[in-house]
Amino acid sequence: MSPAPRLASCFLLSFFLASGLFLRGDSSLFSNDLISDTCSDCSESNPNVDYGFCVASFESYPQSDQADDLTELGRISIYILMENVTGTRDFVNGILENESLDHYVQGCLEDCSELYSDSIPTLADAAEAYDEGRYKDANIYLSSVMDASSTCEEGFAEKEGTGNSPMEKRNDNVFSLGAISLSIMSELRRRRLPNQEATSY
Ligand SMILES: *[C@@H]1O[C@H](CO)[C@@H](O)[C@H](O)[C@H]1NC(C)=O
Ligand SMILES: *[C@@H]1O[C@H](CO)[C@@H](O)[C@H](O)[C@H]1NC(C)=O
């Protein structure tokens, strides 16, 4: 290719990219930026939210793409957490089938199993409160599920020599997913009270 046409195609390409950027604002031809904008805001306002983790979590759940406002995305974040908690409970129960577990570890895993089993109905309550706009209640339920993940993890740390917690990664996931939901709800509360400072909850 001689320099002139190459330059021309370069120009055309930039023109195309630039018009794409303009179109993004109001065209459904381009996937919306709700996920990345939300994850960016959440990671800035809440140190427990990691931007990459947040985007990857929503992207792993196909309905996220169809969410067209923050309220819907927040509801999806609770569903993702619910699946994660259910999967985590199944995972613990799977390990507990091993009959040659260290006695102490077995006790910890039994506690985790109970904590996660109890978290499932708590999350159903959280989803219901969320749908009714009772964000303060939803916040309490979600926080207790996050606490359950921490309590599960702490059990393993209480005794020296028990080795790495087999639950660490899953506990971290549950905690981080909960933080995303909490962070979305605090943004929704801010929007609901445009003339007030965020209140105590
Ligand atoms: C829990 O969420 C994390 C982060 O999105 C994901 O990597 C993991 O596969 C999920 N686990 C289950 C059981 O849903
Ligand atoms: C069962 O637990 C023991 C002790 O932790 C471990 O060595 C073994 O690999 C486990 N077996 C299975 C099938 O996971």
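Quick check on THR86: is it within 11 Å of ligand 1 (Cβ to nearest atom), surrounded by fewer than 21 Cβ atoms within 10 Å (Cβ to Cβ) and more than 17 Å from SER165 (Cβ to Cβ)?
It is true that THR86 is within 11 Å of ligand 1 (Cβ to nearest atom), surrounded by fewer than 21 Cβ atoms within 10 Å (Cβ to Cβ) and more than 17 Å from SER165 (Cβ to Cβ).
Taking the condition aliphatic (A, V, I, L, M), in contact with a Ser or Thr (Cβ under 8 Å, 6 or more places away or on another chain) and closer than 25 Å to VAL55 by Cβ, does ILE184 pass? Please lay out each step first, then the result.
Values: aliphatic (A, V, I, L, M): yes; in contact with a Ser or Thr (Cβ under 8 Å, 6 or more places away or on another chain): yes; closer than 25 Å to VAL55 by Cβ: yes.
Answer is yes for this residue.
For segment 42-100: of the residues being of a type in the set (S, T, N, Q), within 26 Å of ASP125 (Cβ to Cβ) and not in a helix (DSSP H, G or I), which is farthest from ligand 2 (Cβ to nearest atom)?
ASN46
Would you mind stating whether SER143 is within 14 Å of the chain's Cα centre (by Cα), farther than 18 Å from ASP111 by Cβ and more than 13 Å from ligand 1 (Cβ to nearest atom)?
yes
Taking interchain pairs and intrachain pairs at least six residues apart, which have beta carbon atoms under 8 angstrom, with the first residue in segment 51-70 and farther than 18 Å from MET82 by Cβ and the second part of a helix (DSSP H, G or I) and aliphatic (A, V, I, L, M)?
Pairs that qualify, where the first residue is farther than 18 Å from MET82 by Cβ and the partner is part of a helix (DSSP H, G or I) and aliphatic (A, V, I, L, M), are VAL55/ILE35; ASP65/ILE35; ASP68/LEU34; ASP69/LEU34; LEU70/LEU34; LEU70/ILE184; LEU70/LEU188.
Mind checking which pairs have a first residue in segment 136-147 that is surrounded by fewer than 19 Cβ atoms within 10 Å (Cβ to Cβ) and a second that is at pLDDT 95 or above and polar (S, T, N, Q), Cβ under 8 Å, 6 or more apart or different chains?
Listed pairs, sorted by first residue: SER144/SER119; SER144/THR122.
Keeping to segment 151-187, report how many residues are of a type in the set (Ser, Thr, Tyr) and either more than 16 Å from ligand 1 (Cβ to nearest atom) or not in a helix (DSSP H, G or I) (or both). Can you show your working first?
Of all residues in segment 151-187, those of a type in the set (Ser, Thr, Tyr) come to 151, 162, 165, 176, 181, 183, 186.
Keeping just the survivors that are either more than 16 Å from ligand 1 (Cβ to nearest atom) or not in a helix (DSSP H, G or I) (or both) gives 151, 162, 165, 186.
Qualifying residue count for the region: 4.
Here are the criteria: (1) crowded, with 16+ Cβ neighbours inside 10 Å; (2) more than 12 Å from ligand 1 (Cβ to nearest atom). Tell me which single one ASN93 does not satisfy.
Only one criterion in (1) crowded, with 16+ Cβ neighbours inside 10 Å; (2) more than 12 Å from ligand 1 (Cβ to nearest atom) is unmet by ASN93, namely (1).
Tell me, which residue of segment 101-112 that is without any contact (Cβ under 8 Å) to a residue 60 or more places away in the chain and either under 21 Å from the mean Cα position of the chain (by Cα) or not in a helix (DSSP H, G or I) (or both) is nearest to ligand 1 (Cβ to nearest atom)?
That would be CYS112.
The values are calculated or read from the model by the stated rules, or taken from the named source; none is laboratory data. Only a predicted model underlies this, so the values are computations on that prediction, with no experimental measurement involved. Glycine also receives a Cβ, built like all others from the backbone with ideal geometry; neighbour counts cover every protein chain displayed.
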